[in-house]
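The values are calculated or read from the model by the stated rules, or taken from the named source; none is laboratory data. The model shown is predicted, which means the values in this text are computed figures rather than measured ones. Neighbour counts are summed over all protein chains in view; Cβ atoms, including those assigned to glycine, are modelled from backbone coordinates with ideal geometry. Side chains included, ligands, DNA and RNA excluded: accessible areas come from the protein's heavy atoms. Shrake-Rupley method; radii C 1.70, N 1.55, O 1.52, S 1.80 Å.
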Amino acid sequence: MTERPVPGLPPPRPIPIRERSSILFVEKGRLDVLDGAFVMVDERGVRTHIPIGGLCCLMLEPGTRVSHAATALAARAGTLLIWVGEAGVRLYASGQPGGARADRLLYQARLALDETARLNVVRQMYVLRFGEEAPARRSVDQLRGIEGARVRETYRLLALQYGVKWEGRRYDPREWSSANDINRALSTATSCLYGICEAAILAAGYAPAIGFLHTGKPQSFVYDIADIVKFETVVPEAFRVVAALEKGRMLDGEAITNVTGTVRRRCRDAFRRTRILERLVPMIEDVLSAGGLSPPEAPEEAMPVAFEDPEGLADAGHRG
């Protein structure tokens, strides 16, 4: 008996991270799937369609509810859902179908547990971030101290360049309103970058918590990767916005009335302009390959795949 083909179109393949838009913030509404579409429903019942499969991650601010159907559709599309505080300044939880490649998780863990390999990874991060070799014969802790000093100096120089009053990088997420404008802008900007970096890490099949320079936090590896690119993407945007606000001038024809909202929109545009999503997954692979260890091979007793696909489904970390 010959099998008859199932009628209808085949299920869509997940869009690779590099081909997606970066982020979208939503607040005060209900995310649901209605008539087959992923929508945001406000208090008046008005639907706003969200192209979930074309987004890297969705930032859910306070006042947002998510249905089971919406969560399942986001998971199938490989879109990261992140529950954040107002303006994205605190990350409460995240959920996305990562971890589909156990071999990559084991590889990352081996690199982090091997002192030599970990140092090699950290040194490669230093090269990518500063464009020069890290000082020889330095430990991870010593490189962390050198990096911290250079970062503080970079912030100071950017403040001078844009004419922004600078008293250091400090804020309390529990008292958001107590921070000055530049610290609120920087926190908002980096939260945008952390979201798309975590999405890229999960899509590549790795664990956000297993870091190399940063350790001990749920997003340690996210901070590692984000720090490589933040001074060429989101940090200058934060300084531009605050400089325009403090000097009472327009920024690209826009009056600054809401610092965090303007920063988020400009970060989104910066991600598109720099094509950062095309760089993140190859950058992650580049950083980890510097460790000098080979990825583990599948054990002999491993179960075989249920079926062979003629081509891969989007990025390695997607379930599919």
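Quick notes
- Kirkwood Rh, angstrom, the chain [1 / mean 1/r, Cα pairs]: 21.3 Å
- Solvent-accessible surface (1.4 Å probe) assigned to Ile146 amounts to roughly 50 Å².
- Over region 199-290 - Rg/Rh using Cα atoms and the Kirkwood inverse-distance radius: 1.08
- Ser178 contributes an accessible area of around 80 Å² to the protein surface, as traced by a 1.4 Å probe with all chains present.
- The figure for Lys247 is an accessible area of roughly 110 square angstrom, using a 1.4 Å probe on the protein chains alone.
- Largest accessible area first, the listed residues Leu160, Leu288 line up as Leu160, Leu288 when surface is computed with a 1.4 Å probe on the assembled protein chains.
- Table column - 3J(HN,Hα) (Hz), region 25-34, Karplus curve with 6.51, -1.76, 1.60, x for Gly and Pro: 9, 10, 8, 6, x, 10, 8, 8, 10, 10
- Neighbour-limited loop hits for trypsin sites (Lys or Arg not before Pro), region 50-153 (at most 16 other Cβ within 10 Å; DSSP other than H, G, I, E, B): Arg90, Arg137, Arg138
- Stretch gain in nm, segment Tyr92-Lys217, where the contour uses 0.36 nm per residue and the Cα spacing is subtracted: 43.7 nm
- Per-residue HN-Hα couplings for region 244-260 [Karplus 6.51, -1.76, 1.60; θ = phi - 60°; Hz; x = Gly/Pro]: 5, 5, 5, 9, x, 10, 6, 10, 6, x, 10, 7, 8, 10, 9, 4, 5
- On a per residue basis, the chain carries 53 Å² of accessible surface, using protein heavy atoms and a 1.4 Å probe.
- The alpha carbons of region 124-195 give a radius of gyration and a Dmax of 14.7, 43 Å, in that order.
- Long-range lysine pairs (8 or more apart or interchain), the chain, Cα under 25 Å: 4
- Note on Leu128 and Glu43: their simple-model spin labels are 4.4 nm apart, each label 7 Å out from Cα toward Cβ.
- Within region 19-147, percent of DSSP bridges classed antiparallel, to nearest 5: 50 percent
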